Amino acid sequence: MANPKELLGLLDEFQNSADGAGYQLRLDLADLVIAGLREKGWTQKQLADAAGMKESFITRIVHASSNCTFDVVGRILYALNVKATLTMHAGRKVHSVLASKPGKSSKASTPRKVA
């Protein structure tokens, strides 16, 4: 069994890898979906119906345990009435998520390094 220092090293390696960057994007999507569900007062089943997909898939998105395409993300966020934009800054692996309700002012999160 690894000691705590070794485990922290493995965690750091994962967070600074392509797999870690992908997982972080899934976590960011889960945060957006959860916030949207709370704002609308919806269940995962209601979102699934509105987005035309199965409730079990929405559950996997909320738990960040499933990959999905941008088309699927678009359907989910559209159902929640959320517009999101990803931005890549030159040379640095930085992303920002801009989430807004159509017709309302946009608030961008602070860009952060993901890998």
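The values are calculated or read from the model by the stated rules, or taken from the named source; none is laboratory data. Everything quoted here is computed from the prediction, not taken from an experiment. Positions of Cβ are generated from backbone atoms using ideal geometry, with glycine treated the same way; all protein chains shown enter the neighbour counts.
Before moving on, here are some points about what is shown:
- Of the helices (runs of 4 or more DSSP H) lying entirely inside segment 2-69, those carrying at least 2 residues that are among the charged types (D, E, K, R), buried (at least 16 other Cβ atoms within 10 Å of the Cβ) and under 12 Å from the mean Cα position of the chain (by Cα) are 18-40.
- Looking across segment 60-84, the residues that are in contact (Cβ under 8 Å) with a residue 24 or more places away in the chain and of a type in the set (A, V, I, L, M) come down to I61, V62, A64, V73, I76, L77, A79, L80, V82, A84.
- Of the listed requirements (1) outside any helix (DSSP H, G or I); (2) modelled with pLDDT of 95 or more, S105 misses just one: (2).
- Pairs meeting the criteria (first residue in segment 44-59 and without any contact (Cβ under 8 Å) to a residue 40 or more places away in the chain, second residue of a type in the set (S, T, Y) and in a helix (DSSP H, G or I), beta carbons under 6 Å, at least 6 apart or on different chains) are Q44/T59.
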